[in-house]
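Step one of this worksheet: look at the structure below.
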Amino acid sequence: MFNVVRRIMSAEEVRQAEPFPAELKSKKQAAEKQIADILTGKDKRKLFIIGPCSADNEDAVIDYCCRLARVAEKVKDRIYVLARVYTNKPRTRGEGYKGMFHSPDPHKNATDIQAGILALRKMHIHVVKESGLFAADEMLYPDNLDYIGDVLGYIAVGARSSENQMHRLVASGIDVPVGVKNPMNGSLTVLLNSIYAAQIPNEFKYGDIQVKTPGNPLAHAVLRGAVDVYGNNIANYHYEDVMRLADMYNKQGLKNPSVIIDTNHSNSGKRPEQQPRIVNEVLNNTHESAEFNSFVKGFLIESYIEDGNQSPSDGVYGKSITDACLGWSNTEKLLLRAADKISM
């Protein structure tokens, strides 16, 4: 039984309530071109998608992104930075904080999706205005794309969603790059099938209309590690893992072979302090193999102002209320050291 709580504003109404300023649209087009050039190999820089596990507080997120923008300016010759601003959170057991989309104020522990949609769109726009960085968000619910799709520079499909038909179909119509994570069990075959489906034209029901999509040639792989049947984490960022995926990519003839390495989750065993070491290992391997270097296009990193994580009731400013993150001091060091290791 579904009990109606309230009507949700349409995407058009939300865009009218929180418009994306015209002066930012040209900047977004320039950002899209740079990201696309990295993924197609025209630009040899690496893409770093970096930010908190969940964007739960606008003030802290803006503060973080402004700090990030200052470092991004220092490393811009070798690194292109996208802010990770994830406003939807998949929950393994279906409980817990589900992101700003559900709860714009996590301290109230109440679901208000209408307020959440308006708050997350407002926050994404403010990130661009205040920091100049465009953001990545996760497409947890494909039918919500229209609420914020026009302001994002990158969209992620999570490990729990990569096998879902609707995520694959919607990804084929998105105008910006879509990073598809390997599923929780680590299957590279499933991952590549998802990318193939996103890269080809499709026709399907979207909302209350039938649509056609051209396919998204910038859909690509994200390796996030795996979890075996006993709950053990299995890393997949090592040289052999990446080259095995590259070989499978080439055999399938997919467009723009690319992989982003997720340095947290099962690759770090959810130990965020390991992320700098993982970035360092991967970048070392780029010096050993030109093929490896051209295939690895960047990194996904979980980082916030404070190290670790907390309960929402703790109230520490800039500290994750979901997965633990790398703190700002170590994040800044990671970016500066990574820039020194990237070959152009």
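The values are calculated or read from the model by the stated rules, or taken from the named source; none is laboratory data. From a predicted model like this one, the values you see are computed outputs, not experimental measurements. In this analysis, Cβ positions are derived from the backbone assuming ideal geometry, glycine residues included, and neighbour counts consider all displayed protein chains. Remember, those area values only see protein heavy atoms, side chains included, never the ligands or the DNA or RNA. Shrake-Rupley method; radii C 1.70, N 1.55, O 1.52, S 1.80 Å.
Among the conditions (1) in a loop (DSSP other than H, G, I, E, B); (2) in contact (Cβ under 8 Å) with a residue 40 or more places away in the chain; (3) over 30 Å from H287 (Cβ atoms), the only one that R15 does not satisfy is (1).
Residues checked against (1) touching a residue at least 60 places away in the same chain (Cβ under 8 Å); (2) within 28 Å of R78 (Cα to Cα):
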{"position": "S294", "(1), (2)": "yes, yes"}
{"position": "K297", "(1), (2)": "yes, yes"}
{"position": "L300", "(1), (2)": "yes, yes"}
{"position": "E306", "(1), (2)": "no, yes"}
{"position": "D314", "(1), (2)": "no, no"}
{"position": "T331", "(1), (2)": "yes, yes"}
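Scanning the stretch 107-130 for residues that are open to solvent by less than 20 Å² (accessible area, probe 1.4 Å) and either under 26 Å from V71 (Cα atoms) or touching a Ser or Thr at 6+ places or on another chain (Cβ under 6 Å) (or both) gives L120, R121, M123, H124, I125, V127, V128. Restrict the check to the stretch 48-55 and report whether at least one residue is at pLDDT 95 or above, of a type outside the set (F, W, Y) and open to solvent by 40 Å² or more (accessible area, probe 1.4 Å). No, the stretch 48-55 contains no residue that is at pLDDT 95 or above, of a type outside the set (F, W, Y) and open to solvent by 40 Å² or more (accessible area, probe 1.4 Å).
Matching residues to (1) in contact with a helix residue (DSSP H, G or I) (Cβ under 8 Å, 6 or more places away or on another chain); (2) basic (K, R); (3) within 21 Å of Y86 (Cα to Cα):
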site: S161; (1), (2), (3): yes, no, yes
site: R168; (1), (2), (3): yes, yes, yes
site: G179; (1), (2), (3): no, no, yes
site: N185; (1), (2), (3): no, no, no
site: V229; (1), (2), (3): no, no, no
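Only one entry of D262, D323 meets the criterion of being acidic (D, E) and crowded, with 23+ Cβ neighbours inside 10 Å, and that entry is D262.
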